[in-house]
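Engineer: Can you read through this structure? Questions will come right after.
The values are calculated or read from the model by the stated rules, or taken from the named source; none is laboratory data. From a predicted model like this one, the values you see are computed outputs, not experimental measurements. Cβ placement follows ideal geometry from the backbone for every residue including glycine, while neighbour counts extend to all protein chains displayed.
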């Protein structure tokens, strides 16, 4: 096995490095930032490991490939919180809940009392919901740093510059758009707030015809709130409208969020192919791994496994593009 | 086929481009529906989204940009000007909203914005209510097409006021009329065509269906059925049964 150089230390690059290392192949990693951080859109992700919920709008492959993501992350040093997802809707938008239930599996309908048993602070606020008991979440930043540390223990450091040697694995996300013409950016905006007055222990999704919202607990009263889905490539911009909408939706979920301290307002663009599914693409001496879209932490393990199987054992991956040699 | 501002359009179905599971599914839905026009929102999808614009241009149908999300005359006019530059078309679907829960058109602001835009050379497709006076004012303002709602946007409730839509058709027999918004089922779309409307504009009913591509096809078939029925001339409903088989020659028993 000749040398492999991975470009990009976001979720895709680090997961591929981890899978390669597990097969005894120690790659180089090059990322100008030198460490996982805000250069990667995965830094601003929600960290939901929610394959069943995602199936509401995603292809069946996303569910299938995402099913063992939680196990993968746990096995690779991330703290995975397995408390499921609670999907709620304001009473006037009950139809949204029915639609969501129809398009997804592995959920249990819950009534007001059952919602209160799961999340006491939501007592009396929502008459009905759906509980996806097997889903999980993690803290994306801690998870990436855990991968980085484990790779470091194997002697793999993230280089800030240098010439790639051997086969190149391009995991630069949207930055690879200069070479992947069919890649596009789908903008997302997110907030991080601290609100010790509100205690929620699992991912909550609030359905709304215009402003769907999710809240992911980060522990210590910190919550990540996201996220918009805008078909624009523009990257570093949070509009007042999005901030207002997300905050009012959070307030509708729990009025206690009105007192929250805003720690961070972030915006980034997720790399996506036209079918919103990930892809490996071999072109000459480069293997591109890209297009995780809004499913970074959910799909990166499966895509990384495919990439490593291909690179180490020559096994043809499921999501390999037509233009491989 | 409908004609808007002198341009003949291939199909009476106008399909929106928002909320699909992926651009690939959106493109398949367009092919299945054979929609004649693609509508696109400037504010939510526009801005820097050159990639998405290219995907929309690739659909190969005329683009009707809209001013969704605008709450004032000024916002709507500015958005329309951006749209004209971006999509190189004088067409603009004019939406001015007052209330975010019903997304009911602000008809007062709508008429004013329609006049400003028409004077500026735009060909305005106003998203309006079925109010006869408002529609008259929009025509006075320079509009040559009217797009009354069937029901609030995304509600899927169908035609809330068939009487109002029918009388609008009767009042303005020569103006192209489009039912815009509120369509949830193919039967709603068929009903609009049966009422003599020239076209139907919908988005959510297809994009958020369990299988958007199949629903796109269902809408196309329903619209074709409604259009054929309108041309065929329907019978009037009546209270008493009218036998469809001639009675003479029937055996008289006992």
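Engineer: Being closer than 21 Å to residue A:202 by Cβ and surrounded by fewer than 24 Cβ atoms within 10 Å (Cβ to Cβ) is true for just one of A:80, A:25, A:87. Which residue is that?
Structural biologist: On the way: A:25 fails: closer than 21 Å to residue A:202 by Cβ; A:87 fails: surrounded by fewer than 24 Cβ atoms within 10 Å (Cβ to Cβ).
Exactly one of A:80, A:25, A:87 is closer than 21 Å to residue A:202 by Cβ and surrounded by fewer than 24 Cβ atoms within 10 Å (Cβ to Cβ), namely A:80.
Engineer: Can you give me the number of residues within segment A:197-216 that are farther than 11 Å from residue A:88 by Cα and either within 14 Å of chain B (Cβ to nearest Cβ) or surrounded by fewer than 21 Cβ atoms within 10 Å (Cβ to Cβ) (or both)?
Structural biologist: 6
Residues checked against (1) more than 19 Å from residue A:123 (Cα to Cα); (2) within 14 Å of chain B (Cβ to nearest Cβ):
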| site | (1), (2) |
| --- | --- |
| A:250 | no, no |
| A:255 | no, no |
| A:258 | no, no |
| A:268 | yes, yes |
| A:275 | yes, yes |
| A:278 | yes, yes |
| A:282 | yes, no |
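Engineer: Something else now. If you go through segment A:153-177 one residue at a time, how many are under 30 Å from residue A:267 (Cβ atoms), more than 23 Å from the chain's Cα centre (by Cα) and not in a loop (DSSP other than H, G, I, E, B)?
Structural biologist: 2
Engineer: For segment B:44-67, which residues satisfy the criterion of being modelled with pLDDT of 85 or more, surrounded by 22 or more Cβ atoms within 10 Å (Cβ to Cβ) and touching a helix residue (DSSP H, G or I) at 6+ places or on another chain (Cβ under 6 Å)?
Structural biologist: Residues satisfying the conditions are B:65, B:67.
Residues are listed down the side, and each one gets a yes or a no for (1) within 14 Å of chain A (Cβ to nearest Cβ); (2) assigned to a loop (DSSP other than H, G, I, E, B):
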{"residue": "B:143", "(1), (2)": "no, yes"}
{"residue": "B:147", "(1), (2)": "no, no"}
{"residue": "B:153", "(1), (2)": "yes, yes"}
{"residue": "B:168", "(1), (2)": "no, no"}
{"residue": "B:183", "(1), (2)": "no, yes"}
{"residue": "B:188", "(1), (2)": "no, no"}
{"residue": "B:193", "(1), (2)": "no, no"}
{"residue": "B:196", "(1), (2)": "no, yes"}
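Engineer: Search segment A:44-72 for residues being in a helix (DSSP H, G or I) and touching a helix residue (DSSP H, G or I) at 6+ places or on another chain (Cβ under 6 Å), and hand back the single one that is surrounded by the fewest Cβ atoms within 10 Å (Cβ to Cβ).
Structural biologist: Step one: of segment A:44-72, the residues in a helix (DSSP H, G or I) are A:44, A:51-54, A:60-66, A:69-72.
Restricting the remaining residues to those that are touching a helix residue (DSSP H, G or I) at 6+ places or on another chain (Cβ under 6 Å) gives A:51, A:54, A:62-63, A:65-66, A:69, A:72.
Values: A:51: 27, A:54: 21, A:62: 23, A:63: 19, A:65: 24, A:66: 25, A:69: 24, A:72: 21.
Top of the filtered list is A:63.
Engineer: Scanning for something in a strand (DSSP E or B), modelled with pLDDT under 95 and out of contact with any helix residue (DSSP H, G or I) (no Cβ under 6 Å at 6 or more places or on another chain), does segment A:111-126 turn up at least one residue? Before the answer, list the steps.
Structural biologist: First pass over segment A:111-126, keeping only residues in a strand (DSSP E or B): A:111.
Okay, now just the ones that are also modelled with pLDDT under 95, so A:111.
Still in the running and out of contact with any helix residue (DSSP H, G or I) (no Cβ under 6 Å at 6 or more places or on another chain): A:111.
Scanning segment A:111-126, I find at least one residue that is in a strand (DSSP E or B), modelled with pLDDT under 95 and out of contact with any helix residue (DSSP H, G or I) (no Cβ under 6 Å at 6 or more places or on another chain), so the answer is yes.
Engineer: Okay, next question. Return yes or no: is residue A:102 touching a strand residue (DSSP E or B) at 6+ places or on another chain (Cβ under 8 Å), over 21 Å from residue A:293 (Cα atoms) and surrounded by fewer than 17 Cβ atoms within 10 Å (Cβ to Cβ)? Before you say what the answer is, go through the steps one by one.
Structural biologist: Working: touching a strand residue (DSSP E or B) at 6+ places or on another chain (Cβ under 8 Å): no; over 21 Å from residue A:293 (Cα atoms): yes; surrounded by fewer than 17 Cβ atoms within 10 Å (Cβ to Cβ): yes.
So residue A:102 does not fit the description; no.
Engineer: Which of the following residues is more than 14 Å from chain B (Cβ to nearest Cβ) and at positive phi: A:66, A:10, A:46, A:24?
Structural biologist: Details: A:66 fails: at positive phi; A:10 fails: at positive phi; A:46 fails: at positive phi.
Unique residue meeting the criteria: A:24.
Engineer: Something else about it: Let me spell it out: the conditions are (1) closer than 27 Å to residue B:115 by Cβ; (2) within 11 Å of another protein chain (Cβ to nearest Cβ); (3) modelled with pLDDT of 90 or more, and residue B:4 meets all of them except one. Which number is the exception?
Structural biologist: The one condition residue B:4 does not meet is (2).
Engineer: Inside segment B:10-43, can you point out the residues that are surrounded by fewer than 23 Cβ atoms within 10 Å (Cβ to Cβ), assigned to a helix (DSSP H, G or I) and within 9 Å of chain A (Cβ to nearest Cβ)?
Structural biologist: Within segment B:10-43, B:24, B:25, B:27, B:43 qualify.
Engineer: Taking the criterion of being within 13 Å of chain B (Cβ to nearest Cβ), assigned to a strand (DSSP E or B), touching a strand residue (DSSP E or B) at 6+ places or on another chain (Cβ under 7 Å) and touching a residue at least 40 places away in the same chain (Cβ under 8 Å), would at least one residue in segment A:230-244 satisfy it?
Structural biologist: Yes, that holds for at least one residue.
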